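Enquirer: Got a structure for you, written out below as structure tokens; questions coming shortly.
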Amino acid sequence: MSKTAEKLSWSFAPRFRRGAVGWRSDPAIARIREAIAEIKAVSQKDPLLAADGAVLFLQKVSPALQNIDSSSGAIGNAVNRAIGALVPIIAKAPAEMPIRRKWLEQLYQAHADDAIPYIESLGDYWGELCASPDLAAEWADRLVDPIETMWSRGREGHGFFHATTLCLSALLAAGRHEQLLALLDQCPYRFWSYREWGVKALVAMGRKTEALHYAEACGPTKPRSCRSNPNPTCLVLRFLSAIYPARRSHTSNASGHPPCFSITSSIFFIRRMVSTSATTIFW
């Protein structure tokens, strides 16, 4: 850690003591925005220090918000946006391996202790946070055995392990795509939150048609907004459109999310994407 990191006192830290925030979400959202702004400002001068501050924020945010009325979803959305903003700062920081391992251990413990949970989505970024295939492989090896044991009990004895998504993300980042798919085959349930990692693995291997079938096999879902509760077809659109970065402006709305089509039209467009050159498709 840099000498600067040892001396800096983060302004946001005292405001995120355990239970420090009352029941109203608006003041909490304002504090979250202030914390992110502070960390981003520091990142312009000292990326390593900013990453250390980002880890500190993610450790503190959930305990600080434990008394908030989260029924509207506003505070949850604010935390998810904060996670999305802070992950690249941590992932891109020029940290040596011991420091990055320390950060990941701290974040892992925060994720395990996240009772509400507010930072649950941090698991989706675990492979990115590892910042290298080797470190991602270390985490995959650490987490895969408990998941296999849990899923081997079948539907009746199936439990919950907070780090399941962390493991799936780590396997993907480590390039262990076949192992990821084999692990998902052991899952007693076809949860889309898990099977989407299989879609990502298949896309990463260039098997786009199989990715579509894999997503469809998850079963029908209620036609809800892609943004609030994405269904498999809507999400596979996001994955496959990511293959063609030059066309993102044609496949996303103002919020950065793909447009919501009906199930039938979505499948039609996806099938065109996997069978036609990207330069000849325009929606």
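The values are calculated or read from the model by the stated rules, or taken from the named source; none is laboratory data. It should be emphasised that the depicted structure is a prediction, and the values quoted were computed from it without experimental measurement. Note that we place each Cβ from the backbone using ideal geometry, even for glycine, and neighbour counts take in every protein chain shown.
Enquirer: Taking the options Ile116, Ile90, Ile99, name whichever one is within 21 Å of Gly76 (Cβ to Cβ), part of a helix (DSSP H, G or I) and among the β-branched types (Val, Ile, Thr).
Expert: Matching residue, one of Ile116, Ile90, Ile99: Ile90.
Enquirer: Something else: Output the residue which, of all residues in region 173-197 that are in a helix (DSSP H, G or I) and aromatic (Phe, Trp, Tyr), is farthest from the chain's Cα centre (by Cα).
Expert: Once the filter is applied, the top-ranked residue is Trp192.
Enquirer: Condition first: under 20 Å from Trp139 (Cβ atoms), among the acidic types (Asp, Glu) and under 19 Å from the mean Cα position of the chain (by Cα). Can you find one or more residues in region 80-96 that meet it?
Expert: no
Enquirer: While we're looking at this one, here's another question. Given the criterion in contact (Cβ under 8 Å) with a residue 24 or more places away in the chain and assigned by TED's automatic domain parsing to the domain that holds Arg17, identify the matching residue among Ala78, Ala115, Ala41.
Expert: Of the residues listed, the single one that is in contact (Cβ under 8 Å) with a residue 24 or more places away in the chain and assigned by TED's automatic domain parsing to the domain that holds Arg17 is Ala78.
Enquirer: Looking at region 48-63, which of its residues are more than 17 Å from Ile75 (Cβ to Cβ) and within 21 Å of the chain's Cα centre (by Cα)?
Expert: Hits for region 48-63 are Ala50, Ala51, Asp52, Gly53, Ala54, Val55, Leu56, Gln59.
Enquirer: How many residues does region 157-209 hold that are without any contact (Cβ under 8 Å) to a residue 12 or more places away in the chain and basic (Lys, Arg)?
Expert: 1
Enquirer: Return yes or no: is Ala170 within 25 Å of Leu122 (Cβ to Cβ), of a type in the set (A, V, I, L, M), touching a His at 6+ places or on another chain (Cβ under 7 Å) and assigned to a helix (DSSP H, G or I)?
Expert: So Ala170 does not fit the description; no.
Enquirer: Then there is this: Sort out which residues of region 143-162 are modelled with pLDDT under 90 and in a loop (DSSP other than H, G, I, E, B), and write them in order of number.
Expert: Arg153, His158, Gly159, Phe160, Phe161
Enquirer: For region 86-113, what are the residues that are more than 17 Å from Ala170 (Cα to Cα) and either hydroxyl-bearing (Ser, Thr, Tyr) or surrounded by fewer than 16 Cβ atoms within 10 Å (Cβ to Cβ) (or both)?
Expert: Pro94, Glu96, Pro98, Asp113
Enquirer: Oh, and also: Looking at the structure I just gave you, is Trp139 in contact with a helix residue (DSSP H, G or I) (Cβ under 8 Å, 6 or more places away or on another chain), within 14 Å of Val87 (Cβ to Cβ), outside the structural domain of Gly84 (by TED's automatic domain parsing) and modelled with pLDDT of 90 or more?
Expert: Spelling it out, it is not the case that Trp139 is in contact with a helix residue (DSSP H, G or I) (Cβ under 8 Å, 6 or more places away or on another chain), within 14 Å of Val87 (Cβ to Cβ), outside the structural domain of Gly84 (by TED's automatic domain parsing) and modelled with pLDDT of 90 or more.
Enquirer: Hey, could you check region 119-135 for residues that are of a type in the set (Ser, Thr, Tyr) and not in a loop (DSSP other than H, G, I, E, B) and say which is surrounded by the fewest Cβ atoms within 10 Å (Cβ to Cβ)?
Expert: The qualifying residue surrounded by the fewest Cβ atoms within 10 Å (Cβ to Cβ) is Ser121.
Enquirer: Now for a separate question. Within the bounds of region 49-62, is there any residue that is in a helix (DSSP H, G or I), modelled with pLDDT of 95 or more, closer than 28 Å to Asp134 by Cα and β-branched (Val, Ile, Thr)?
Expert: yes
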